[in-house]
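Heads up, the thing below is written out as structure tokens.
The values are calculated or read from the model by the stated rules, or taken from the named source; none is laboratory data. All figures in this text were calculated on a predicted structure; none of them were measured in a lab. With ideal geometry, Cβ positions are generated from the backbone for all residues, glycine too; neighbour counts draw on all protein chains shown.
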Amino acid sequence: MSTKTEGPRILLYDIETAPALGWVWDMWNTNVLGIKQDWYILCYAYKWIGDNQTWFITDHGKRNDRELVRNLRALFDEADIVIAHNGDKFDQRKANARFQYYNMPPPSPYQTIDTLKEDRRYFNRMSHSLKHLPALAGMKAKKMRGHDFQLWLDCMDGDEGAWKYMREYTLADVEALEELYLKLRPWIGTPGKAAHPNLGHWANGDVVCAKCGYDKLTKRGFHRTSVSVFQTYQCKRCKGYTRDRKRETQRFGKGVKTL
């Protein structure tokens, strides 16, 4: 399934779902009268940080996602950290819904990074969509032709040409996701902000960058909370900041009494 490496297993993934089939009276601003067939996972792409290969998994129009779901759960079960764009709201919850539908137990615990949340947290851009972010964030643009709802219908019907394009489209999304994550990583969890998962937990006690696990750090100022002061370090590889776990010894001036 993947090449075992030292450190945490970090999974990048992107899910595409088939639409539900239902009845409506109108095409605009309408209520759904009933559902004939629920949505299901049509396909997904994934990649492990540190591996060169990006994988694409599909049902090839069978309209039965049991094996896709089983394989996806195995990936989550292996991962220590999972990364997706809008993953906390969409991909992860969609995956959980299918795990439960097939009476599969939850995968072993993992941490998540949602690149949409993190991009919105730190940057004010014209768009935070993965479609537009490469150009807006100075990344390599993924040149893909436009697509519409018909692509999903054609894939559901097993059209080989549609599946070929869906594969290219989904793989490109995961490759763009990886590049975006690596570009965002130095910003995520800057001391005092919402934390990036701490890769130091996999460092066997060595002092490393909490974001990328690199062991070459430079002392760079201090992080001050309301009660304590901590040494801050900058990573020489990813340029992200992290702080020491031990607080600095506080010195008091003459005449200051401590309890």
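Of note:
- Answer residue from the range 5-50, given it is of a type in the set (S, T, N, Q) and surrounded by fewer than 12 Cβ atoms within 10 Å (Cβ to Cβ) and is nearest to TRP163 (Cα to Cα) among those: GLN37
- Criterion: closer than 24 Å to PRO109 by Cβ, surrounded by 14 or more Cβ atoms within 10 Å (Cβ to Cβ) and of a type in the set (Ser, Thr, Tyr) - qualifying residue of TYR181, TYR241: TYR181
Yes/no matrix, rows are residues, columns are (1) assigned by TED's automatic domain parsing to the domain that holds CYS43; (2) in contact with a strand residue (DSSP E or B) (Cβ under 8 Å, 6 or more places away or on another chain):
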| position | (1), (2) |
| --- | --- |
| LEU177 | yes, yes |
| GLY213 | no, no |
| PHE222 | no, yes |
| THR232 | no, yes |
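- Positions within the range 51-60 being buried (at least 19 other Cβ atoms within 10 Å of the Cβ) and either more than 26 Å from ASP157 (Cβ to Cβ) or of a type in the set (Asp, Glu) (or both), in sequence order: ASP59
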